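Read-outs: derived from the displayed coordinates by stated rules, not from any lab. Just so we're clear, the structure is a prediction, and the values are computed from it rather than from any experiment. We place every Cβ from the backbone using ideal geometry, glycine too, and count neighbours over all the protein chains shown.
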Amino acid sequence: MFATDKSRKISLLLGYGYIFLILLYTLGPLVIVTILAFNNNPSASFPWQGFTLDWFKSSTPDRVGFFDDQRMMAAVGTSLKVAVAVTVISVLLGINNAFLFVREQFFGKGAFYMLMLGPLVIPGVVLGTSILAFSYSIANALDAWLGKGAGTFLRPGFVLVVLGQVSFIATTTTMVITARLKKFDIALEEAAMDLGAGKLSAVMQITLRFLSPAIVGAAIIAFLFSFENFNTTYFLSGPNPTVPILLYSRLRFGISPEINAISVVLMISTGILGLIGFALTGEEQA
Amino acid sequence: MATQLSRKLGKWLLLMPMLLWIGFLFVLPHIKLFILSFMNREGQFTLANYANFFTTPLYRAVFLHTVKYSILATLITLALSFPAAFLITKVFGGKIKAIVMLAIVLPYWVSELIQVFTWMVLFRETGIISYMLQTLGLTHQRVELLYHNWTVLVGLVYTSLLFMTIPIVNSLETLDDSLIEAAYDLGGNFWSTMREIIIPHAAPGIMVGSIMVFMLNLGNYVTVTLLGGKNSMWFTENIYDQFIIRFNQHQGSAFSVVLLTFSVLFVWGLLKLTKQDISEAM
């Protein structure tokens, strides 16, 4: 590719140097935060003052570790509940939509497909505000119609956060599962029915089994998207914040070493989940 | 007859969840937003919310600042990602490609908040870089590196590297190496091959990546407010202020519609200008 041997060597060296810089930029900050999570220095900075696990587990007055931080643990609980609900709904919707778009013909199919991709290009803030404004008016209408309190479940809080996240996460699950269903040979399902299986059991045992890697992959992606979502959730969350919302409100007032520890725990757990999801869906998206 | 009926019923059973989802969580909320943006607090029709945007210098300034820095961040991301994508697909490949891809994906999985937090740890007055500069004797007092426009750029580029690199890698992978060799055999050098063969082939990937990154930058909230502080001047902050702090849904809706309309028009114009087909690009 390069004219002379010498210029080729220099080019390769430059290439390696560039790759090194990119790795430094992407991984450097994560490595430093990991080191700081174990640094016995309450200012969350260098110099190194010895190894400690206090930022993970400690409940002395001046040092509260992640696992002893009541509000943070409550936020983890809220986030997990939201993520599970969003994952279940989005995956079921995704399976449903995959069958609809791959197998059925209906009026306006192409238009609906394009519409469905909308949440991918709409800023999360706009999505959050539109759902907030809409649910607000419905909640008011319900209150007026059925008496005060009837629309409360549509006010900022758990239900609204779940609905808001489903609005765009279901797009991703639909795309992942649709891509896999397109590769399915329908003759397999027909063969099962020729052999005496009912339609439902043929779909259950043959088609859904074929889809299972995509379903698990979509579920992991949905879970991660939900767990880390901020932009849409910020407008819809009530008195019980999710982890990103609570982290944000704390970061606005400064940094504590505990957040280093939280980062490490999140990095490890989401990293593992992410790698599994990446491996399961990688072949469809490549 | 009975099977036909059950088939029709089945179709409706599949159709309903999709319609409920698209209708109630996507189409109707945006219609509501649109209607609210043309109303005042008494529920009457008005254009005042839009007039406010166009006549208040501060709103205009914030909007232009947001667009300018979104474009700048997108260009920097492209400039950083393209060489990396080229190197790992056409020069190194194999193990190095796997390591770089992992390094680019990993920060993405740990959530934007943590990504931004890591930069706060580095940049703040008592942070790592300030500490290192002092230990090296380059400065004698703490340096505040947060809350500058370039700090925001560093953060925006960091959080969007993945969305630029993956599409470019995908498009470069479909480029046959023999085409590059042919260009050299015909007397081309590195730059002319890059200009005539490689960049045109990667154009769809560059386009998809740039659009995604630009939209993410434009709609960003966490990175700009935490790294930019009070000086961040990002338009999404105005939307949040109106909805949550001033309880003015109507003004906030108008701002949301402005942001949405601008981003749709911008992307559409970009695609037209570069003669790309969106369905092909996606």
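From least to most packed, judged by other beta carbons within 10 angstrom and beginning with the fewest, A:143, B:176 follow the order B:176, A:143. If a spin label sat at a point 7 angstrom from the Cα of residue B:65 along the line to its beta carbon, the backbone N atoms of the range B:233-259 nearer than 15 Å would be those of B:233-241. Note on B:218-230: average number of Cβ atoms from other chains within 10 Å of each residue's Cβ is 3. Residue A:183: which aspartates and glutamates have alpha carbons under 16 Å from its alpha carbon, excluding same-chain residues fewer than 8 sequence positions away? Straight-distance partners of residue A:183: A:104, A:283, A:284.
By the count of other C-beta atoms within 10 Å, a proxy for reagent exposure, B:128, B:197 are ordered fewest to most as B:197, B:128. Principal axis extents of the Cα atoms in the range A:87-153, from largest to smallest and rounded to whole angstrom, are 45, 27, 26.
Look at A:215, A:259 and count the other Cβ atoms within 10 Å of each Cβ; fewest to most, that gives A:215, A:259. Estimated at 0.36 nm per residue, the fully extended path between residue B:24 and residue B:99 surpasses their Cα-Cα distance by 22.8 nm. For the range A:174-286, taking the reciprocal of the average inverse distance between every pair of different Cα atoms yields a Kirkwood hydrodynamic radius of 17.1 Å. Counting Cβ atoms of other protein chains within 10 Å of each Cβ in A:13-24 and taking the mean gives 4. If R0 is 56 Å, the Cβ-Cβ spacing of residue A:188 and residue B:129 corresponds to a FRET efficiency of close to 0.45. Over all orientations, the protein assembly as shown has a Cα convex hull whose mean projected area works out to 33.5 square nanometres. Here the range B:14-49 is scanned for amide nitrogen atoms under 16 Å from the site 7 Å beyond the Cα of residue A:200 along Cα-to-Cβ, giving B:14.
Inter-chain Cβ neighbour count for B:28-37, averaged per residue, equals 6 (cutoff 10 Å, partner chain atoms only).
Using the C-alpha gyration tensor of the range A:70-285, what are the square roots of 5 times its eigenvalues, in whole angstrom, with the largest one first? Present the calculation step by step, with values, prior to reporting the outcome.
Details: eigenvalues 243, 114, 45 Å².
So the equivalent ellipsoid measures 35, 24, 15 Å along its semi-axes.
Relative contact order of chain B, taken over Cα pairs closer than 8 Å and 6 or more residues apart, is 26 percent.
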